[in-house]
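Read the structure below first, then the notes.
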Amino acid sequence: MTDEQLVLTINKAFYRAFEKQDLEAMSTIWSKGTASVCIHPGRKAVKGWEAIRASWEQIFKATQYLEIETEVISTEINGDIAYVILTENVMQIVGRRRLQATSMATNIYTRMANKWYLIHHHGSPII
């Protein structure tokens, strides 16, 4: 596989873990470094894996069901850093409410020991 294929594969795995609300799968994708950052749409930045994990856990506890469709706009790789820019179409059931949102997202990956890890996820709503 090319580097681009590897990055896109791990990016798909991130969204699969997100959609399945699978924290264990997500923990294999995210870097455990203290510099990792996650910015959920409309929220402040969360830094470090433990805080990032807690933020996803909170989202998953409030959500009964998720469907996510993505469309990759751009993928760039420079050495051991890669980013993917995409749109996220998210449908979720929270309580008895069905919510839909479209966001622009940037996911940044770093290669460590020949494996790509997510170090930055930033989602911004499209209005």
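The values are calculated or read from the model by the stated rules, or taken from the named source; none is laboratory data. These numbers were taken from a predicted model, which means no experiment stands behind them. So basically every Cβ, Gly included, is an ideal-geometry build from the backbone, and we count neighbours across all protein chains shown. All accessible areas refer to the heavy atoms of the entire protein, side chains included, with ligands and DNA or RNA removed. Shrake-Rupley method; radii C 1.70, N 1.55, O 1.52, S 1.80 Å.
Given GLU57, GLU88, GLU67, GLU50, which one is farther than 17 Å from PHE14 by Cβ and either part of a strand (DSSP E or B) or charged (D, E, K, R) (or both)?
GLU50
Among the residues of segment 56-76 satisfying the criterion of being over 20 Å from LEU86 (Cβ atoms) and free of Cβ contacts under 8 Å to residues at least 40 places away in the same chain, which is surrounded by the fewest Cβ atoms within 10 Å (Cβ to Cβ)?
LYS61
What tally of residues in segment 4-47 results from selecting those that are in a helix (DSSP H, G or I) and either of a type outside the set (Asp, Glu) or surrounded by 15 or more Cβ atoms within 10 Å (Cβ to Cβ) (or both)?
22
Please go through segment 101-127 and give me each residue that is polar (S, T, N, Q) and touching a residue at least 40 places away in the same chain (Cβ under 8 Å), ordered by number.
Within segment 101-127, SER103, ASN107, THR110, SER124 meet the criteria.
Would you check if ILE52 is over 12 Å from the mean Cα position of the chain (by Cα) and of a type in the set (Val, Ile, Thr)?
no
Can you list residue pairs whose Cβ atoms sit under 9 Å apart, with the first residue in segment 18-32 being of a type in the set (Asp, Glu) and the second being surrounded by 19 or more Cβ atoms within 10 Å (Cβ to Cβ)? Count only pairs 6 or more apart in sequence or on different chains.
GLU19/VAL90; GLU24/ALA17
Condition check ((1) modelled with pLDDT of 95 or more; (2) open to solvent by 10 Å² or more (accessible area, probe 1.4 Å); (3) over 16 Å from GLU67 (Cα atoms)) across all residues:
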residue	(1), (2), (3)
ALA82	yes, no, yes
ILE85	yes, yes, yes
VAL94	no, yes, no
ALA101	no, yes, no
THR106	yes, yes, yes
THR110	yes, yes, yes
LEU118	yes, no, yes
HIS121	yes, no, yes
